[in-house]
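So the structure is just underneath, and the comments pick up after that.
The values are calculated or read from the model by the stated rules, or taken from the named source; none is laboratory data. Model, not experiment: these values are computed from the prediction. Please note: Cβ atoms are built from the backbone with ideal geometry, for glycine as well, and neighbour counts cover all protein chains shown.
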Amino acid sequence: MSASKNLSSLAIVIMAAGKGTRLHSKRPKVLYHIGGKPLVAQVIAAASRVVSPENIFVVIGHQAEHVRAAVAASGVRFVEQTEQRGTGHAVQCARGAIAGYENVLVLSGDVPLVRTETVQRLSDFHEDQKAAMTVLTAEPADPFGYGRIIRKAPGSAEIEQIVEQKSLAPGQEEIGEINSGIYAFRTAALLAHLDQLSAENVHGEYYLTDIAGILHAAGERVVAVKAEDAEEILGANTIAEMMALDAKQNAATVARHMAAGVTIYMPETCVIEPEVEIAPDTVIEPFVQLRGRTKIGGDSIVRSFTVIESCTLGDRVLVLQSCVMEDSIVADGARIGPFARLRPGSDIGPEAHVGNFVETKKAKLGRGAKANHLTYLGDAEVGEGTNIGAGTITCNYDGVHKHLTRIGKGVFVGSDTTLVAPITVEDGAYIGAASCITKSVPAGALAVARTRQMTKEGWAAAKKANREKRSE
Ligand code: UD1
Ligand code: CA
């Protein structure tokens, strides 16, 4: 739509009320994830770039509250279809919502790869053609299962009707042009004829597709526009089809990163979600997952089996094998893992190390700080150059509240230390191994909090003699 047109002249309806019978699942189809997002959220994202969310009406029905909750944050509006009696009935339920708009686009909640450009092209074509209805079509490799397009004459933009797979007459199976389930309507024409749909067909449902034949018979102009790429309008009716769409989207994302200078070994094993950003010269090893809004700088390496969700990593970061990282920041030159877990709010400074079996949560590590082995740092600040010994634990939780541990710069924390928060260890202090620190430690001090060692010389021999005497 060109900028000069009034936005409210166009509404978008997204049909998402169906059960997804072919999935054999209790989960509604439109909430299955592909590319890390529910199907319906993908369609909403494409629609939101054509009209603003208050002009998008999502038809919900099966598990309506779950679907609503999953996408409510997008700002779209909802229409309820309490009984799911077909796609035509879904649009009938949206009658009141769309009546005030000049044109309406109808999208399917289970056709998730459709691009904004294609929806826009459909809308533009529809207006240029001054049509009552415009159908987005395609010629996929295998048309089986889709409704087929009956053109008025070969090469004509006009169509006579759409015939569902199960209603195809002999010979019509040969037709390769299919209905994408995405349409544009002049609202007045749609609403004038919507009640003429009948449920007298094999499924006993009101087919939205029948409206094409009804409008054509009424002398209205019904046209079709073909999508350039059949792949983007593939529907997802079974789990296998959905996973195929997910793989397709992932392969495209991975290829885009490789084209932009990122090295990805065995790319078919890596999951990279669409919003991820990676700078050139970074290397991703096999079986890595990069999810959400993850950003990775240049010259970094992510080794196998690591899963990173919505983290920001700088340049020259090395993430070793099998790390799990979420909502965290890792600065330039830091080293993470293997087997490290960065929970939300971890902020790892430049050149810092978080080593094997180390867990962090809301923990800020300064430049060059190191926690190399078997440690938990929760609600903690660790200053520049501080070394956290193996087995150190911040006791941040008293059973009711979380408390902060503050460790200054250049501190040496001996192995197997427990720091009972709230507590502060000031710059340059030393803590003896196996200490349970319950009082703050001033700058430059040594704190040791463990029982003194007791050594009994010759104790073992005495014990043995004692035992032998008793058994006589
Ligand atoms: C539909 C089309 C078919 C087209 C195909 C493209 C009809 C009758 N057929 O078939 O021509 O080739 O899409 O993918 O429309 N829905 C509701 N309420 C309902 C029923 C369905 O909201 O009562 C929603 C579903 O959640 C889904 C969408 O409408 O998101 C399409 O329904 P589905 O049953 O998958 O239609 P198809 O059989 O794929
Ligand atoms: Ca479908």
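Some points to look at:
- Qualifying residue in region 74-85 (condition: of a type in the set (S, T, N, Q), away from ligand 2 (no atom under 14 Å from the Cβ), in contact with a Pro (Cβ under 9 Å, 6 or more places away or on another chain) and more than 19 Å from ALA132 (Cα to Cα)): yes
- Candidate set: region 89-128, residues that are polar (S, T, N, Q) and in contact with a helix residue (DSSP H, G or I) (Cβ under 9 Å, 6 or more places away or on another chain); chosen: the one farthest from ligand 2 (Cβ to nearest atom): ASN103
- If you check SER156, SER180 for being in a strand (DSSP E or B) and touching a strand residue (DSSP E or B) at 6+ places or on another chain (Cβ under 9 Å), only one passes: SER180.
- Looking across region 419-472, just one residue is on the phi > 0 side of the Ramachandran plot and hydrophobic (A, V, I, L, M, F, W, C), and that is ALA434.
- Residue within region 370-380 that is surrounded by fewer than 24 Cβ atoms within 10 Å (Cβ to Cβ), touching a Pro at 6+ places or on another chain (Cβ under 6 Å), under 26 Å from PHE305 (Cβ atoms) and among the hydroxyl-bearing types (Ser, Thr, Tyr) present: no
- Looking only at residues of region 128-151 that are without any contact (Cβ under 8 Å) to a residue 60 or more places away in the chain and not aliphatic (A, V, I, L, M), we find that the one that is farthest from ligand 1 (Cβ to nearest atom) is ASP128.
- Residue within region 38-50 that is over 22 Å from GLU241 (Cβ atoms), touching a residue at least 24 places away in the same chain (Cβ under 8 Å) and assigned to a loop (DSSP other than H, G, I, E, B) present: yes
- Of the criteria (1) outside any loop (DSSP other than H, G, I, E, B); (2) without any contact (Cβ under 8 Å) to a residue 40 or more places away in the chain; (3) over 27 Å from the mean Cα position of the chain (by Cα), which one PHE125 fails: (2)
- Within the span defined as region 209-220, one or more residues are within 16 Å of ligand 2 (Cβ to nearest atom), surrounded by 15 or more Cβ atoms within 10 Å (Cβ to Cβ), at pLDDT 95 or above and not in a helix (DSSP H, G or I).
- Here GLY235 clears all of (1) within 16 Å of ligand 2 (Cβ to nearest atom); (2) outside any loop (DSSP other than H, G, I, E, B) except the condition numbered (2).
Conditions tested, residue by residue: (1) of a type outside the set (S, T, N, Q); (2) within 16 Å of ligand 2 (Cβ to nearest atom); (3) surrounded by 15 or more Cβ atoms within 10 Å (Cβ to Cβ); (4) farther than 19 Å from ARG121 by Cβ.
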position: GLY147; (1), (2), (3), (4): yes, yes, yes, yes
position: GLU160; (1), (2), (3), (4): yes, no, yes, yes
position: LYS166; (1), (2), (3), (4): yes, yes, no, yes
position: ALA169; (1), (2), (3), (4): yes, no, no, yes
position: ILE182; (1), (2), (3), (4): yes, yes, yes, no
position: ALA188; (1), (2), (3), (4): yes, no, no, yes
position: LEU197; (1), (2), (3), (4): yes, no, yes, yes
position: GLU200; (1), (2), (3), (4): yes, no, no, yes
position: TYR207; (1), (2), (3), (4): yes, yes, yes, yes
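- Scanning region 295-322 for residues that are over 18 Å from PRO350 (Cα atoms) and assigned to a loop (DSSP other than H, G, I, E, B) yields a count of 7.
- Any pair with Cβ under 8 angstrom, 6 or more apart, that starts in region 309-321 at a residue that is surrounded by fewer than 19 Cβ atoms within 10 Å (Cβ to Cβ) and ends at one that is part of a loop (DSSP other than H, G, I, E, B) and of a type in the set (A, V, I, L, M): ASP315/ALA279; LEU318/ALA334
- For region 160-214, a tally of residues being more than 9 Å from ligand 1 (Cβ to nearest atom) and touching a Pro at 6+ places or on another chain (Cβ under 8 Å) returns 3.
- Meets criteria (among the polar types (S, T, N, Q), surrounded by 13 or more Cβ atoms within 10 Å (Cβ to Cβ) and either within 22 Å of ILE393 (Cα to Cα) or out of contact with any Gly (no Cβ under 9 Å at 6 or more places or on another chain) (or both)) for THR451: no
- Looking across region 5-45, the residues that are modelled with pLDDT of 95 or more, of a type in the set (Gly, Ala, Ser) and away from ligand 2 (no atom under 16 Å from the Cβ) come down to ALA11, ALA41, ALA45.
- Exactly one residue out of LYS463, LYS456 is farther than 21 Å from ASP379 by Cα, out of contact with any strand residue (DSSP E or B) (no Cβ under 9 Å at 6 or more places or on another chain) and not in a loop (DSSP other than H, G, I, E, B), and it is LYS463.
- Positions within region 77-107 being assigned to a loop (DSSP other than H, G, I, E, B) and in contact (Cβ under 8 Å) with a residue 60 or more places away in the chain, in sequence order: GLN81, GLN84, ARG85, GLY86, ALA94, ALA99, GLY100, TYR101, GLU102
- Among the residues making up region 301-315, those that are over 14 Å from the mean Cα position of the chain (by Cα) and more than 19 Å from ASN356 (Cα to Cα) are THR312, GLY314, ASP315.
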